[in-house]
Amino acid sequence: MTLLFTIGAFAVISYIALTRVIAPAFDELEMSAARTDLVRAQRAIDSDIETLQVITADWSPWDDIHKYAQGQYPEFIATNITPPTLANLELDLVAIYALDSDLKFGLLLIDGQQRSVDELGILGADDFGSLSLTEHQSIDDTIVGIVNTRFGPMLICSNPILHSDDTGPIAGTIVMAQFLSESRLVRLRERTEVYMDWIPIEESDRLSDFDQSSLARGDVLVDSNESRILSSTMLFDIFGAPILVLSAETPRDISALGRQTVTGAMLLLLIGGVLATIVMWLLLRRIILSPIESLAGHIDEIRASGDLSRKLELDSDDEIGALAAQFDNLTSEVHEARQALLEQSFKAGKADTAAEVLHNIRNAMTPMVNGIERVSRAFRVADGLRIGEATQQLVDTECPPERKAKLIEYIDASFERIKNVGIEATEDMKIVMSQSRQVEGILSDQEQFANVAPVDEDIVVDEVVEEAAHVIPKKSKSKIDIDMGKELIRYRVRAHRVGLLQVLGNLILNACESIQRGNASDGRISLSASEAVIEDRPMVRLTIRDNGCGFSEDVSKRIFQRGYTSKIEGSATGLGLHWCANAVAGMGGRIFAESQGTGKGAEFHVLLPAAEDGRR
């Protein structure tokens with residue numbers, strides 16, 4: 001059934017393609033041929049105009065005619081311009097004018113008879129545009145084209161009369177012309193092999209089809225019926241006015257051939273489709289369909305039972321039999337691989353989780369250990385003070401007054417020292433408490449939400465950055481200044497608070513360690529924020545910049561890979577930045593690092609989704 005439907009659909013598609021694509025292509029080709037015929041007709045007329053222009057240009061620069069126009073060579077006409085001359089040149093008019101547009105000579109032949117030039121109605125003193133044809137102001141001035149006369153349309157060319165070397169002064173004007181007669185039309189049809197025709201504009205019924213804009217553009221109008229295509233355009237006279245409707249008639253032989261082609265192709269497709277359907281059905285049923293049905297049934301059984309150990313064991317030596325055997329091997333291998341993968345995934349998941357949790361706890365505990373150590377030293381401050389001994393001397397009645405004053409001053413200074421140490425210890429205890437809460441949050445998240453996605457919340461950037469900066473030891477080998485941009489307070493992000501604290505704390509601690517490895521005497525870590533848009537999503541970019549040891553381009557490509565570290569071997573696990581990348585991706589953000597090279601510091605950019613308003 002599917003095969004019959006396919007063949008039928010192919011036949012329908014073929015019919016649509018033939019009738020909607022192939023047949024219209026023949027029609028378009030025929031229309032193109034009609035337009036080409038019209039262009040050939042236009043070019044034939046243009047060629048005659050160019051020929052007339054060449055003849056006129058050959059006569060106008062001639063010393064003899066130059067003298068004649070000035071009244072110095074009266075015998076010029078008798079020896080050079082006669083009716084046979086016009087016949088040889090295929091001319092119907094030759095006229096010579098002096099500088100004042102005075103007609104010096106005119107020869108007009110109509111049906112072999114000489115007529116007066118003024119009868120044309122275009123060269124007389126009172127005729128419209130006659131001055132443009134009989135006077136020229138420049139030696140390069142030429143007028144050539146079509147004009148309408150009392151005897152019909154005419155090709156005309158007017159040139160200034162010059163010396164034989166094409167120099168002035170201008171002595172007058174020579175005008176040569178040819179009628180667009182029926183005999184000329186016949187010759188043009190024979191020459192172009194196009195059935196062309198021209199109709200004076202006043203006699204044509206197509207003027208109404210040309211609007212003013214199409215007249216200016218010279219548009220082509222096309223009429224067609226079942227036997228021919230008639231393409232028409234407008235020809236203009238030398239004054240820019242429409243004068244003739246030029247038409248070219250093209251027989252519709254191409255579209256007839258297209259229809260025959262479509263009919264023959266469809267008949268051939270139908271016969272071939274029926275035969276192909278019968279043969280293909282028999283072959284498909286025996287060679288392909290039955291074995292595939294068996295294979296499909298076997299796959300359904302495996303899908304229903306989930307037992308990948310089932311075997312098909314199809315008894316066939318062809319490609320489908322080989323496919324069935326390979327499928328059996330594949331299911332066996334997938335069954336074994338699935339068992340091994342489940343076991344390995346469980347172990348790897350546990351190991352990764354433990355390593356990442358321990359790494360984050362170690363980062364959080366670093367400032368805790370430093371704080372506890374400073375508190376411990378603060379409690380030992382009193383051991384070095386001699387307050388008891390000073391008190392005993394003070395109560396001694398024999399103690400001199402001067403000694404008593406110094407003892408009182410010593411006791412006051414000691415208690416002031418104890419007070420200051422107590423204040424510092426209180427601040428350190430706050431840090432220890434803050435970091436302990438962070439550790440508690442890490443463990444709580446791991447315990448309660450190990451298999452649940454963390455809950456995101458709107459977080460003010462400067463608050464979480466300030467808390468994350470506590471990871472920097474107060475006393476380190478290098479003095480490190482941290483600069484928090486004032487703009488941090490303006491931005492809010494949508495993220496998991498504990499996870500973001502761990503990410504920023506990790507990056508800040510890495511920056512601190514990078515400065516120490518670089519032995520910078522004046523370490524600087526700056527944190528800034530800015531707006532960003534990624535894939536039409538509003539984001540906030542957090543930038544952690546340091547002047548530490550930096551890294552090379554090769555390191556930048558691997559810095560977020562699991563297990564990779566640029567630190568001294570044995571001092572780190574290479575889990576921190578890898579975990580940061582995973583954590584930021586889990587919050588819907590991105591992270592990347594940049595450095596100008598070793599010894600030139602580094603920049604880490606964390607992009608996170610902006611909160612709904614993005615700013616405070």
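What the table below lists for this structure:
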{"quantity": "Estimated inter-spin distance, Asp318 and Glu182, nm [label 7 Å along Cα→Cβ]", "calculated": "7.8"}
{"quantity": "Mean Cα-pair separation over length for the stretch 453-616, i.e. relative contact order, pairs under 8 Å, 6 or more apart, %", "calculated": "27"}
{"quantity": "Value of relative contact order over the chain, rounded to a whole percent, pairs C-alpha under 8 Å and six or more apart", "calculated": "9"}
{"quantity": "Restraint check, Lys419/Lys479; Lys430/Lys486; Lys486/Lys557, Cα-Cα greater than 30 Å", "calculated": "Lys486/Lys557"}
{"quantity": "Residue-averaged 222 nm ellipticity for the chain, from DSSP H runs of 4+ at -39500 (n - 2.57), nearest 500", "calculated": "-16500 deg cm²/dmol"}
{"quantity": "Trypsin sites (Lys or Arg not before Pro) within the stretch 70-175, DSSP loop, no more than 15 other Cβ atoms inside 10 Å", "calculated": "Arg150"}
{"quantity": "Of the DSSP H helices in the chain, those whose Cα atoms cover at least 24 Å axially and whose Kyte score averages 0.0 or more", "calculated": "253-283, 497-517"}
{"quantity": "Values of log10 I(q)/I(0), in the order q = 0.10, 0.12, 0.19, 0.20 Å⁻¹, for the stretch 60-185 under a Debye, Cα-only, solvent-free model", "calculated": "-0.28, -0.41, -1.06, -1.17"}
{"quantity": "DSSP beta bridges in the chain [antiparallel fraction, %, rounded to 5]", "calculated": "90"}
{"quantity": "Pairwise FRET efficiency - Asn519 versus Lys406, Cβ, R0 = 56 Å, nearest 0.05", "calculated": "0.80"}
{"quantity": "Full-stretch length increase - Phe415, Ala11 - with 0.36 nm per residue and alpha-carbon distance subtracted", "calculated": "134.9 nm"}
{"quantity": "Excluding exposed DSSP-loop GluC sites (Glu not before Pro) (at most 14 other C-beta within 10 Å), longest clean stretch of the chain", "calculated": "399-534"}
{"quantity": "Kirkwood-Stokes translational diffusion coefficient of the chain, alpha-carbon pairs, 10 °C, 1.306 mPa s, µm²/s", "calculated": "43"}
{"quantity": "Stretchable slack from Met429 to Asp483, in nm (0.36 nm times residue separation minus alpha-carbon distance)", "calculated": "17.1 nm"}
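Bear in mind that the values in this text are calculations on the coordinates, not laboratory data. Everything quoted here is computed from the prediction, not taken from an experiment. FYI the Cβ positions are ideal-geometry reconstructions off the backbone, even for glycines, and counts take in every protein chain you see.
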